[in-house]
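Contents: one structure, followed by commentary.
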Amino acid sequence: MTDDILRMRGITKTFPGVKALQDVNLSVRRGEIHAICGENGAGKSTLMKVLSGVYPHGSYEGEITFDGRPCAFSNIRQSEHRGIVIIHQELMLCQQLSIAENIYLGNEQASRWLIDWNRTNHAAAGLMERVGLRENPVIPVGDLGVGKQQLVEIAKALSKQVKLLILDEPTAALNDEDSAHLLDLVRGLREDGITSVIISHKLNEVAAIADSISILRDGRMIETLDMATDQVTEDRIIAGMVGRDLEHRFPPHESTIGEEVFRVEDWTVHSPTQLDRVVVSGVNLRLRRGEIVGLAGLMGAGRTELAMSLFGRTYGANISGRVYVNGRQVQIKTVRDAIDHGIAYATEDRKRYGLNLIEDIKRNVSAANLSKLARRGWVNDHEEFRVADSFRGSMNIKAPSVLSPTGKLSGGNQQKVVLSKWIFTNPDVLILDEPTRGIDIGAKFEIYTIINRLADEGKAVLVISSELPELLGLCDRIYALSEGRITGEVPREDATQERLMQYMMKGQDELR
Amino acid sequence: MSTIASADAGIAKVTAGQPSGRPDPTPRFRLSVNLKQSGIYIAFGLIILLFAVLTDGALLQPQNISNIIVQNSYILILAIGMILIIIAGHIDLSVGSVVAVTGAISAVLMVNLDLPWPLALVITLVAGGLIGAWQGFWVAYFGIPAFIVTLAGMLLFRALTMTVLGNQGIGPFPDPIRTLSNGFTSGYLGNVGLGPLGGADLFSLLVGAVAVAGLVMAQWRTRLARLGYQQNVDPFPIFLAKILAAGVIIMAVVVQLARFKNLPWVLVLLAGLVLGYSLLTNRVVFGRQIYAIGGNLQAAVLSGVKVKQVLFWIFVNMGVLAALAGVIFAGRLNQAGPTAGNSFELDAIAAAFIGGAAVQGGVGKVVGAITGGLIMGVINNGMSLIGAPSERTMLVKGIVLLAAVAFDIWTKRRAGR
């Protein structure tokens, strides 16, 4: 019998309309490094949130046993008390506080009511040495690079007597050197008896460091591979992640492809916060009339950054490259320029960036093209009503009237409002970023139908999606993006999930 | 679209397990929206009723109605500018000081330099605009929170006022300015008898009648246009009742004013401003973009709204309106003083929030801000008529402000469920 530090049995977690996890079992042996792999949205982060008490006991079904005792955490504090510490992909550090303050945040080293700063800084220095962070403990965390901040997080975990360390995409934002140091550190912790669970997209790293690999797909645990006994290759992992269950979830569609309408050449974008970091590198794209083109890439590959930098430079710094619309080179410096040149961009996060949730459907539909409804600055609000109402009909927006606030609509109907807004600008090119994220299957089908219709009307559509089946079911051609570079271009006939996944992941090694 | 409809039917079995049969949220929501939108007017009516009873009707006497309007005119003008800024999700703490400094500028121009009053007025308004541009630059293009910029402005422009005026006031103002602030239309057409109500100014009554006729026409045309576009409208009896009520209230106020000293000029000015700015916020692209910015800044940016320009211009607008209020206030006191406009910003901000503006921005109406300002004016006036000490007036105003915003948040929370 193996010595399992963690056993999760029959975990099922349901969100409104979506089963995020379905009867998942996971066993982690004491002192091992256990990797969890899966596509975006497969349920990896949800599983870890269940484990660490972010989703409290009772909000999911199933049993968790940790260190021989059952767990019923109602918050993160309780799981940390038992020695389970999760380090999120977005680091949870207070940038203005010192390293030592961050390490002991919520766990202040105090004698009676006063914080003992000598003790705090001294103890922090000890932990920092353990993780190989050679800095003064009193400097603010914001002065450190991302790699070193990651080490602060680990030192913080060590200060809580961690037994099981969960790292969610720990190396996604790190360069090679920092990644290597981090992985060495995790190996070192294994020597000290600390068990780690790593969620990672970087399969080469996973293959190098993990003792076991569990693969999740669509909220189900597919298999757990033992690196010592099983023959594990990266292709083997990809096959597990992708599965082969493409159903008929897409409306049939034959595209009539016309002349080129949008071309991007040598597009390079730097991060606005770290000017030396290249986020999008030398990208070439072309879209033709009536064509639906996919853009595949893992989280952090630069998909949204590419789209937003093209859409009026709403992301990025030091942008270079050329954009052609209908064969003519254009300068697009603002969102207005982009809209005027017939480009539309429906954002990934419609609630934060797409809609004015306190306003009604009518005013959201007109928001990007109000001047079309106005004569000499005066808006014709009756015409506005008529336009919005006709979209309510043609897009099948389920709302009692166009005067309903968009905040009250379901995700699918909100997305239809966003699409209406952009269709009303009469674009030639629509960039749709995760157009079906967080909406139910029925509404997805409607969105696919709308996308097909737009293509039939002669528009070029670029669909960015984390769901490979969606791209395969919808697109005539798919670009794969990895670390800001186009690593592959696959026509519909040749596209398979395995092939795309290889472009999306393996490109990373070949580029170096 | 028939393709979508059939697609929908095709996947019906897939979605059968989803909560498609969720109850229609419309009826309850419509009720709470109506409560939220009309709550302020109902409250206004109740407050008037309360003080009318407490003062044995003195509140509604002709001279007193005239006083309420004239005494609050500058706050109401400020509230119009303030509501635009609050809708955009910002705030302006400097307006009291801007009132003071523009009053001082106009006094220097009109009294010390003896410039013709129209020229001096224009120069003062331009100066107000430049002050607004200064603040708008820091807020919109430099990205400093408006709270800080205008807090600094509050100090800066008060300091400037004191530098210009020294420690004393400048006056008296030329007659036309005093008439604008304090005076009334003269009886161009003589008086008519109104039976038991006594004599009243015919011109004022005609203006009132024209205003009511205009209102009826405008509402009727909107109704026809809506019907033409197949929108929902109120049933005809309710439409008629609303129009009738509005007409009666307007005429009642006008009759009382006509019985006193005719129409205050500031009322004419205010009516024009309210009409103009209501149209701006409802019907002009620029005005609509203010709501978009306050509702969701990121979405507005990504919809091509030129956010910086819009922000800049609403601060310029605030500066011009503050200058107008500054001239009127100075003209009313017949001198520009170093302490003019103290705490006006708080009254203007309170008016906007009592009038239904949301702290997060994106919500608010010009008419609401005016009503909010009048609520405070009626409380001030009513409390002083019943001889309440000023600390008690302050207490009541504080409670009303808190209650209004609490009500706003409460309805939002209910609607957000």
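The values are calculated or read from the model by the stated rules, or taken from the named source; none is laboratory data. Being a predicted model, the structure only gives us computed values, none of them experimental. Every residue, glycine as well, gets a Cβ built from its backbone with ideal geometry; the counts of neighbours run over all protein chains shown. Surface accessibility is based on the protein's heavy atoms, side chains included, excluding ligands, DNA and RNA. Shrake-Rupley method; radii C 1.70, N 1.55, O 1.52, S 1.80 Å.
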>> Regarding region B:220-229, can at least one residue be identified that is more than 14 Å from every other protein chain (Cβ to nearest Cβ), buried (at least 16 other Cβ atoms within 10 Å of the Cβ) and at pLDDT below 90?
In response: no
>> Condition first: open to solvent by less than 10 Å² (accessible area, probe 1.4 Å), outside the structural domain of A:LYS44 (by TED's automatic domain parsing) and within 30 Å of A:THR12 (Cα to Cα). Can you find one or more residues in region A:284-296 that meet it?
In response: yes
> For region A:387-398, what are the residues that are more than 9 Å from every other protein chain (Cβ to nearest Cβ) and either buried (at least 22 other Cβ atoms within 10 Å of the Cβ) or in contact with a Ser or Thr (Cβ under 6 Å, 6 or more places away or on another chain) (or both)?
Replying inline: A:ALA388, A:PHE391, A:ARG392, A:ILE397
> (1) closer than 23 Å to A:LEU216 by Cβ; (2) touching a Gly at 6+ places or on another chain (Cβ under 6 Å): which one isn't true of A:GLY193, the others all being true?
Replying inline: (1)
> When you scan region A:203-319 for strands (runs of 3 or more DSSP E) that lie fully inside it, which ones turn up with 2 or more residues that are of a type in the set (Lys, Arg)?
Replying inline: A:278-288
> Of everything in region A:339-362 that's open to solvent by less than 20 Å² (accessible area, probe 1.4 Å) and out of contact with any helix residue (DSSP H, G or I) (no Cβ under 8 Å at 6 or more places or on another chain), which residue is farthest from A:LEU287 (Cα to Cα)?
Replying inline: A:ILE339
>> Any residue in region B:261-277 that is over 17 Å from B:VAL320 (Cα atoms) sitting within a Cβ distance under 6 Å of a residue that is open to solvent by 30 Å² or more (accessible area, probe 1.4 Å) and of a type in the set (A, V, I, L, M)? List the pairs, counting only those 6 or more apart or interchain.
In response: B:TRP265/B:LEU180
>> If a residue counts only when it is within 23 Å of B:LEU401 (Cβ to Cβ), which helices (runs of 4 or more DSSP H) contained entirely in region B:289-365 have at least 1 such residues?
In response: B:307-333, B:344-354
> What is the one condition in (1) in contact with a Lys or Arg (Cβ under 9 Å, 6 or more places away or on another chain); (2) without any contact (Cβ under 8 Å) to a residue 24 or more places away in the chain; (3) within 10 Å of chain B (Cβ to nearest Cβ) that A:SER410 does not satisfy?
Replying inline: (2)
> Of all the residues that make up region B:167-176, how many are free of Cβ contacts under 8 Å to residues at least 12 places away in the same chain and either touching a Lys or Arg at 6+ places or on another chain (Cβ under 8 Å) or closer than 19 Å to B:SER97 by Cα (or both)?
Replying inline: 0
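Yes or no: B:PHE286 open to solvent by 10 Å² or more (accessible area, probe 1.4 Å), in contact (Cβ under 8 Å) with a residue 40 or more places away in the chain and more than 30 Å from B:MET394 (Cβ to Cβ)?
Details: open to solvent by 10 Å² or more (accessible area, probe 1.4 Å): yes; in contact (Cβ under 8 Å) with a residue 40 or more places away in the chain: no; more than 30 Å from B:MET394 (Cβ to Cβ): yes.
It is false that B:PHE286 is open to solvent by 10 Å² or more (accessible area, probe 1.4 Å), in contact (Cβ under 8 Å) with a residue 40 or more places away in the chain and more than 30 Å from B:MET394 (Cβ to Cβ).
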>> Going residue by residue through region A:78-87, is there one that turns out to be closer than 17 Å to A:GLY145 by Cα, touching a strand residue (DSSP E or B) at 6+ places or on another chain (Cβ under 7 Å), in contact (Cβ under 8 Å) with a residue 24 or more places away in the chain and open to solvent by 40 Å² or more (accessible area, probe 1.4 Å)?
In response: no
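Kindly indicate whether any position in region B:188-202 is touching a Pro at 6+ places or on another chain (Cβ under 8 Å) and at pLDDT below 85. Steps first, please.
Keep residues of region B:188-202 that are touching a Pro at 6+ places or on another chain (Cβ under 8 Å), which gives none.
Scanning region B:188-202 turns up no residue that is touching a Pro at 6+ places or on another chain (Cβ under 8 Å) and at pLDDT below 85.
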>> Is it the case, given these coordinates, that A:GLU384 is over 30 Å from B:LYS412 (Cα atoms), within 11 Å of chain B (Cβ to nearest Cβ), open to solvent by less than 20 Å² (accessible area, probe 1.4 Å) and of a type outside the set (A, V, I, L, M)?
In response: no
> Residues of region A:306-330 being out of contact with any Leu (no Cβ under 9 Å at 6 or more places or on another chain) and within 14 Å of another protein chain (Cβ to nearest Cβ), which ones?
Replying inline: A:SER309, A:ARG313
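Within the group A:LEU164, A:LEU183, which residue is among the aliphatic types (A, V, I, L, M), open to solvent by less than 40 Å² (accessible area, probe 1.4 Å), in contact with an Asp or Glu (Cβ under 7 Å, 6 or more places away or on another chain) and within 27 Å of A:ALA42 (Cα to Cα)? Can you show your working first?
On the way: A:LEU164 fails: in contact with an Asp or Glu (Cβ under 7 Å, 6 or more places away or on another chain).
Exactly one residue qualifies, and that residue is A:LEU183.
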>> Being under 23 Å from the mean Cα position of the chain (by Cα) and within 14 Å of another protein chain (Cβ to nearest Cβ) is the filter here; which residues of region B:308-332 pass it?
In response: B:GLN309, B:VAL310, B:TRP313
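When the residues of region A:156-180 are narrowed to those that are farther than 14 Å from A:SER196 by Cα and not in a loop (DSSP other than H, G, I, E, B), which ends up modelled with the lowest pLDDT?
Step one: list which residues in region A:156-180 are farther than 14 Å from A:SER196 by Cα, which gives A:156, A:159-160, A:171-180.
Restricting the remaining residues to those that are not in a loop (DSSP other than H, G, I, E, B) gives A:156, A:159, A:176-180.
On the way: A:LYS156: 91, A:SER159: 91, A:ASP176: 73, A:GLU177: 79, A:ASP178: 83, A:SER179: 83, A:ALA180: 86.
The qualifying residue modelled with the lowest pLDDT is A:ASP176.
Is it true that A:GLN502 is open to solvent by 40 Å² or more (accessible area, probe 1.4 Å) and either under 21 Å from A:GLY258 (Cα atoms) or assigned by TED's automatic domain parsing to the domain that holds A:LEU298 (or both)?
Values: open to solvent by 40 Å² or more (accessible area, probe 1.4 Å): yes; either under 21 Å from A:GLY258 (Cα atoms) or assigned by TED's automatic domain parsing to the domain that holds A:LEU298 (or both): yes.
Spelling it out, A:GLN502 is indeed open to solvent by 40 Å² or more (accessible area, probe 1.4 Å) and either under 21 Å from A:GLY258 (Cα atoms) or assigned by TED's automatic domain parsing to the domain that holds A:LEU298 (or both).
Restricting to region B:207-218, name every residue that is surrounded by 12 or more Cβ atoms within 10 Å (Cβ to Cβ) and over 21 Å from the mean Cα position of the chain (by Cα). Give the derivation first.
Going through region B:207-218, the residues surrounded by 12 or more Cβ atoms within 10 Å (Cβ to Cβ) turn out to be B:207-209, B:211-212, B:215-216.
Answer for region B:207-218, where residues must be surrounded by 12 or more Cβ atoms within 10 Å (Cβ to Cβ) and over 21 Å from the mean Cα position of the chain (by Cα): B:VAL207, B:ALA209, B:VAL216.
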> Is there a residue being closer than 30 Å to A:ARG375 by Cα, open to solvent by 60 Å² or more (accessible area, probe 1.4 Å) and aliphatic (A, V, I, L, M) anywhere in region B:248-270?
Replying inline: yes
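If I ask for residues that are part of a helix (DSSP H, G or I) and surrounded by fewer than 16 Cβ atoms within 10 Å (Cβ to Cβ), which ones from region B:194-206 would you list?
So the first thing to find is which residues in region B:194-206 are part of a helix (DSSP H, G or I), and the list is B:195-197, B:202-206.
Passing the criteria: B:GLY195, B:PRO196, B:LEU197, B:LEU206.
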>> Can you report the number of residues in region A:331-350 which are among the polar types (S, T, N, Q) and either more than 11 Å from chain B (Cβ to nearest Cβ) or part of a helix (DSSP H, G or I) (or both)?
In response: 1
> On the given criteria, is A:GLY377 within 24 Å of B:ALA88 (Cβ to Cβ), among the small types (Gly, Ala, Ser) and surrounded by fewer than 18 Cβ atoms within 10 Å (Cβ to Cβ)?
Replying inline: yes
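Here is a yes/no grid of residues against (1) without any contact (Cβ under 8 Å) to a residue 24 or more places away in the chain; (2) within 19 Å of B:PHE329 (Cα to Cα); (3) surrounded by fewer than 20 Cβ atoms within 10 Å (Cβ to Cβ):
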residue	(1), (2), (3)
B:LEU50	no, no, yes
B:GLY57	yes, no, yes
B:ILE77	no, yes, no
B:GLY81	no, yes, no
B:ALA88	no, no, no
B:THR102	no, yes, no
B:ALA107	no, yes, no
B:PHE157	no, yes, no
B:LEU160	no, yes, yes
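Using the structure shown, decide if B:LEU180 is in contact with a helix residue (DSSP H, G or I) (Cβ under 6 Å, 6 or more places away or on another chain), part of a helix (DSSP H, G or I) and either among the basic types (Lys, Arg) or open to solvent by 40 Å² or more (accessible area, probe 1.4 Å) (or both). Break it down into steps so the answer makes sense when it comes.
Details: in contact with a helix residue (DSSP H, G or I) (Cβ under 6 Å, 6 or more places away or on another chain): yes; part of a helix (DSSP H, G or I): yes; either among the basic types (Lys, Arg) or open to solvent by 40 Å² or more (accessible area, probe 1.4 Å) (or both): yes.
Yes.
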